[in-house]
Amino acid sequence: MIVRFSLETARRNFTPVDNRFILDYLPHASELCIRVYLYGLMLCYAGAGAESSLADALGLSEAAVTEAYVYWQAQGLVRIRGEAPLIVEYLDMEPSEASGVVPGKYANLVSALGSLIAPRQFDFRELKHVYDWIEVYGLDEEAVLELVSHSMDQKGRRVSVNYIDAVARSWSEAGIVTRDAARAHLARYELKKHGASEILRQWNKLRKPTKAETALYEKWTADWGFSQEAILAALPKLAVSGTPNFVYLDELLDGLRKEGQTSRPKIELADAKSAEEQAFARLVFERAGKLEPATRTQRAQISMYLKDYAMPRELLLFGAEQCRGANEPFGMMKKLWNEWHDAGITTIEGARAKMETHAKRGAPRANQPHLAQHDLTDEQLEHLLVDLDRDIE
């Protein structure tokens, strides 16, 4: 038997709202989060079992309601007890340490993670792992965002928290606890992974490298000192084997290593170049408000504007800022960059002047730039093609 007040009865009652909520929490919360919290609070006090769901009553999606309660859980005001269906327990305004909730301490981090993994949201059990990455493993909050982003790159958006936890532990043991250390580590990892994938592509094998193959590539480059150019140059020598593979290549490179044919300086140069391109592409995406990392194809396109078109870094970053909040910011910023390049603009002042001219004429700022034909080299065209190996990012 279920006994409850009707919503009509609830309308004639009152819902007490603690002034601490109004003074300490309300000013910093979004309108959506406030609506969800107060409506749910009313249901708790009135004992009203709504004929429709909370989401329907507020005209929101179930995902939006869940996201709001994840926010309030981070603030320490509720505890999520279940997800399907969503079960939320309202807590006292001053929860005890035994509640298992960290009140408000990581609100900004939880919000950033919510945007990064949307439409998925971490539940209260998963958030406990997130707090451990900081308080037990010693990662800072920005390193946690890098950690989650990298894990999604490897396993997809539904990556398990247990997998992320294992990566966090390995990072901590390796001393990778800051954003800069994480980015440097990922730049080195990306180079090694890409090198192994390039070998497979040379053999017309369209798959990801195995852990064993990536480990061999790391040995060839980090321990033996081979450059990627030297490794690729050795591949034709395996043609006589009929079925070339990493084991045969390992034997071949071992022989070349003993002859001193490794070209060690080239791998160091390639590593530095890759790290520099990835760092600048990440900065461009941050200025545009994009949280996900740039793909290898996008990094190559940004590098083309920077190096082949000789556009200043500050001008590219200014263009990225103008596209913040757009549905497709990367496409919009490329239109802006093309327009400025065609007009010979090399300074932020010149870009502002052109944008003001567009505004006075009533023309869209970046939606309809004039795209002139370009004489591109084969290398530039390759940068702009869809990367067939994008799934290994």
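The values are calculated or read from the model by the stated rules, or taken from the named source; none is laboratory data. Owing to the predicted nature of the structure, the values given are computational and were not obtained by experimental measurement. Quick reminder, even Gly has a Cβ in these numbers, built from the backbone with ideal geometry, and neighbours come from all protein chains shown.
A few comments on the model shown:
- Test for N204: is it exposed (fewer than 15 other Cβ atoms within 10 Å of the Cβ) and under 20 Å from the mean Cα position of the chain (by Cα): no
- Of the criteria (1) within 12 Å of the chain's Cα centre (by Cα); (2) at positive phi, which one G175 fails: (1)
- Selection from the stretch 294-328 of residues that are surrounded by fewer than 17 Cβ atoms within 10 Å (Cβ to Cβ), hydrophobic (A, V, I, L, M, F, W, C) and touching a Gly at 6+ places or on another chain (Cβ under 9 Å): A326
- Residue within the stretch 147-164 that is under 27 Å from L23 (Cα atoms) and either surrounded by fewer than 20 Cβ atoms within 10 Å (Cβ to Cβ) or modelled with pLDDT of 80 or more (or both) present: no
- Taken over the stretch 188-234, the residue count meeting the criterion of being in a helix (DSSP H, G or I), over 14 Å from F246 (Cα atoms) and among the hydrophobic types (A, V, I, L, M, F, W, C) is 4.
- Restricting attention to the stretch 118-165, the residues being under 26 Å from A64 (Cβ atoms), among the acidic types (D, E), more than 15 Å from the chain's Cα centre (by Cα) and in a helix (DSSP H, G or I) number 1.
- Odd one out for K360, checked against (1) at pLDDT 80 or above; (2) over 24 Å from A279 (Cα atoms): (1)
- Check on Q261, at pLDDT below 80 and in contact with an Asp or Glu (Cβ under 7 Å, 6 or more places away or on another chain): no
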